[in-house]
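Colleague: One structure, as structure tokens, below. Some questions next.
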Amino acid sequence: MTDQASRGIAVPAGSGRTVRVLDDVLTVKLGGDQTHHAFSLFFDRVLPGGGVPAHVQQGQETFILFEGELEFSIGDGTALSTFTAARGTVIHIPEGVAHAYRNASGERAAFFVIFTPAGASERFFERLGVPVLDPERPPAFGSPDPQGLLALLEEFGIRIVPPFSHKEG
């Protein structure tokens with residue numbers, strides 16, 4: 001018997017497991033079980049005003065902006081360099097590098113993100129997120145229990161970093 005990761009696969013538009021975390025609506029397009037655990041591929045829609053705080057994590061991330069604009073920040077150990085990422089921008093974040101993004105526009109932004117290695121990101125978002133049936137009308141995301149959130153962040157090796165100074169990039 002051939003496993004799913006040993007053959008080609010097409011993932012149609014609109015398919016995949018979708019959750020809402022904060023103001024992001026994330027769909028797993030390829031999970032570790034489909035890539036021999038080499039990577040996971042997500043499609044992320046960031047609602048206006050949404051984003052994630054500066055953090056560091058295990059593994060690497062590569063973002064490919066597909067729609068809209070994001071204010072993206074990348075740390076160098078002492079400061080966060082902030083720049084506007086427009087459609088077509090590719091951003092690679094090595095393990096342990098602080099980064100954040102924010103949708104400062106009034107329009108939705110969307111990107112593909114590749115997590116390497118696979119697994120942890122899928123489990124983290126599934127545990128934290130609210131299941132979404134219709135990505136165009138996601139349910140509200142309630143504030144998580146602070147102690148539970150801290151425990152989840154620690155379990156997955158994610159650390160929110162204190163505010164750095166910012167410099168325009």
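The values are calculated or read from the model by the stated rules, or taken from the named source; none is laboratory data. All values reported here derive from a predicted model rather than from experimental measurement. Virtual Cβ from ideal backbone geometry, glycine too; neighbours counted across all protein chains shown.
Colleague: Name the single residue, out of those in segment 114-132 being hydrophobic (A, V, I, L, M, F, W, C) and assigned to a strand (DSSP E or B), that is farthest from Gly32 (Cα to Cα).
Modeller: Pass one, segment 114-132, residues hydrophobic (A, V, I, L, M, F, W, C): 114-115, 118, 120, 124-125, 128, 130, 132.
Keeping just the survivors that are assigned to a strand (DSSP E or B) gives 114-115, 130.
Working: Ile114: 11, Phe115: 10, Val130: 21 Å.
Going through the qualifying residues, I end up with Val130.
Colleague: Looking at segment 76-116 only, could you name the residues that are over 22 Å from Thr27 (Cβ atoms), touching an Asp or Glu at 6+ places or on another chain (Cβ under 9 Å) and touching a residue at least 60 places away in the same chain (Cβ under 8 Å)?
Modeller: Selection gives Ser81, Thr82, Phe83, Ala98.
Colleague: State all residues of segment 61-89 that are under 14 Å from the mean Cα position of the chain (by Cα) and closer than 20 Å to Phe39 by Cβ; if no residue qualifies, say none.
Modeller: Glu61, Thr62, Phe63, Ile64, Leu65, Phe66
Colleague: Just checking, how many residues over segment 126-161 are free of Cβ contacts under 8 Å to residues at least 12 places away in the same chain, surrounded by 10 or more Cβ atoms within 10 Å (Cβ to Cβ) and among the small types (Gly, Ala, Ser)?
Modeller: 2
Colleague: Could you tell me whether His37 is touching a residue at least 40 places away in the same chain (Cβ under 8 Å), in a strand (DSSP E or B) and surrounded by fewer than 16 Cβ atoms within 10 Å (Cβ to Cβ)? Even if it seems obvious, please write down each step before you answer.
Modeller: On the way: touching a residue at least 40 places away in the same chain (Cβ under 8 Å): yes; in a strand (DSSP E or B): no; surrounded by fewer than 16 Cβ atoms within 10 Å (Cβ to Cβ): yes.
Considered against the rule, which asks whether it is touching a residue at least 40 places away in the same chain (Cβ under 8 Å), in a strand (DSSP E or B) and surrounded by fewer than 16 Cβ atoms within 10 Å (Cβ to Cβ), His37 comes out as no.
Colleague: Same structure again: With the requirement that a residue be buried (at least 22 other Cβ atoms within 10 Å of the Cβ) and either touching a His at 6+ places or on another chain (Cβ under 6 Å) or part of a strand (DSSP E or B) (or both), what does segment 101-113 give you? I'd like the intermediate steps shown before the answer.
Modeller: Keep residues of segment 101-113 that are buried (at least 22 other Cβ atoms within 10 Å of the Cβ), which gives 101, 103, 109, 111.
Within segment 101-113, Tyr101, Ala109, Phe111 meet the criteria.
Colleague: Any idea which residue in segment 114-125 is modelled with the highest pLDDT, counting only those that are among the aromatic types (Phe, Trp, Tyr) and surrounded by 20 or more Cβ atoms within 10 Å (Cβ to Cβ)?
Modeller: Looking only at segment 114-125, we keep the residues that are among the aromatic types (Phe, Trp, Tyr), and these are 115, 124-125.
Remaining after also requiring surrounded by 20 or more Cβ atoms within 10 Å (Cβ to Cβ): 115, 125.
Details: Phe115: 96, Phe125: 93.
Across segment 114-125, the extreme among qualifying residues is Phe115.
Colleague: I've got another one for you. Regarding segment 82-90, can at least one residue be identified that is out of contact with any Lys or Arg (no Cβ under 7 Å at 6 or more places or on another chain), part of a strand (DSSP E or B), under 22 Å from Phe125 (Cα atoms) and of a type outside the set (A, V, I, L, M, F, W, C)?
Modeller: No: zero hits.
Colleague: Identify, by number, the condition in (1) part of a strand (DSSP E or B); (2) at pLDDT below 95; (3) under 17 Å from the mean Cα position of the chain (by Cα) that Gln58 doesn't meet.
Modeller: Every condition holds for Gln58 apart from (1).
Colleague: With the structure loaded, tell me whether Gly49 is among the small types (Gly, Ala, Ser), in a loop (DSSP other than H, G, I, E, B) and at pLDDT 95 or above or whether it fails that test. Break it down stepwise before answering.
Modeller: On the way: among the small types (Gly, Ala, Ser): yes; in a loop (DSSP other than H, G, I, E, B): yes; at pLDDT 95 or above: no.
The answer is no for Gly49.
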